[in-house]
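The values are calculated or read from the model by the stated rules, or taken from the named source; none is laboratory data. The structure displayed is predicted, hence computed values, not measured ones. Glycine also receives a Cβ, built like all others from the backbone with ideal geometry; neighbour counts cover every protein chain displayed.
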Amino acid sequence: MANETALVRMVEEKAIERIIHDYAYYLDMNQPEKMVELFVDDCEVSYAPNFGASGIEAYKKTLDGIGTFFKGTSHHVSGVVIDWVSDTEANVRAILLAVHRYTRERPDGILYGQYHDVVVKRDGQWKFKTRILKTTMTTDYHVKTANPIGRAE
């Protein structure tokens with residue numbers, strides 16, 4: 001029975017990793033409508049203080065203009081770690097390197113940080129319930145405030 005449970009967890013972890021990587025892909029491909037499908041209706045999102053959303057309609061508004069603000073983005077996600085809360089909920093953290101090319105004349109912006117997520121399985125699909133972007137540092141990045149990573153000094 002233990003091997004069967006471990007196998008099920010491995011399959012579920014791959015499904016969770018898939019939404020983490022799909023999010024980055026859809027963002028880089030300028031497909032905000034696909035990004036929205038990765039979230040539950042009662043989601044909570046925080047990219048920085050005073051920049052986020054409560055609920056799917058508010059989240060959709062945070063995506064307005066991504067196609068006109070950026071010429072291109074490249075989000076690299078690695079180090080995905082999944083801590084199980086239950087069979088239908090997990091806490092996830094992942095390392096992020098994101099490069100942003102802007103439509104207006106300015107240097108490319110780089111963000112180094114982590115995603116801290118709560119994912120839930122609803123109707124057989126894993127989706128984001130909570131997504132918090134924590135920032136380690138930035139270079140020429142357009143957002144000047146951040147959720148600090150909370151590194152021990």
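Results, tabulated for the structure shown:
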read-out: Close pairs (7 angstrom Cβ cut-off, 6 or more residues apart or separate chains): of a type in the set (D, E) in region 83-105, surrounded by 13 or more Cβ atoms within 10 Å (Cβ to Cβ) anywhere; value: D83/A90; D83/N91; E89/V118; E89/V120
read-out: Members of region 75-97 found to be hydroxyl-bearing (S, T, Y) and within 13 Å of the chain's Cα centre (by Cα), listed by number; value: S78
read-out: Region 1-34: number of residues that are in contact with a helix residue (DSSP H, G or I) (Cβ under 8 Å, 6 or more places away or on another chain) and within 19 Å of K134 (Cβ to Cβ); value: 2
read-out: Positions within region 51-104 being loosely packed, with under 12 Cβ neighbours inside 10 Å, among the hydroxyl-bearing types (S, T, Y) and under 28 Å from D123 (Cβ atoms), in sequence order; value: S86
read-out: Cβ-Cβ under 6 Å pairs, at least 6 apart or on other chains, region 61-76 side of a type in the set (A, V, I, L, M, F, W, C), far side assigned to a strand (DSSP E or B); value: F70/H100
read-out: Looking only at region 1-40, and only at residues there that are surrounded by 17 or more Cβ atoms within 10 Å (Cβ to Cβ), in contact with a Leu (Cβ under 7 Å, 6 or more places away or on another chain) and not aromatic (F, W, Y), the one that is farthest from V118 (Cα to Cα); value: P32
read-out: Residue check, V45 modelled with pLDDT of 95 or more, more than 14 Å from A98 (Cβ to Cβ), surrounded by 15 or more Cβ atoms within 10 Å (Cβ to Cβ) and within 15 Å of the chain's Cα centre (by Cα); value: yes
read-out: Cross-chain or 6+ apart pairs with Cβ under 8 Å, region 2-22 first and without any contact (Cβ under 8 Å) to a residue 40 or more places away in the chain and farther than 16 Å from M35 by Cβ, then acidic (D, E) and surrounded by fewer than 11 Cβ atoms within 10 Å (Cβ to Cβ); value: none
read-out: Some residue of region 51-59 being without any contact (Cβ under 8 Å) to a residue 24 or more places away in the chain and among the acidic types (D, E); value: yes
read-out: Among residues of region 104-141, those that are within 21 Å of M35 (Cα to Cα) and not in a strand (DSSP E or B), counted; value: 2
read-out: Residues being touching a Cys at 6+ places or on another chain (Cβ under 9 Å) and assigned to a loop (DSSP other than H, G, I, E, B) - total across region 30-85; value: 1
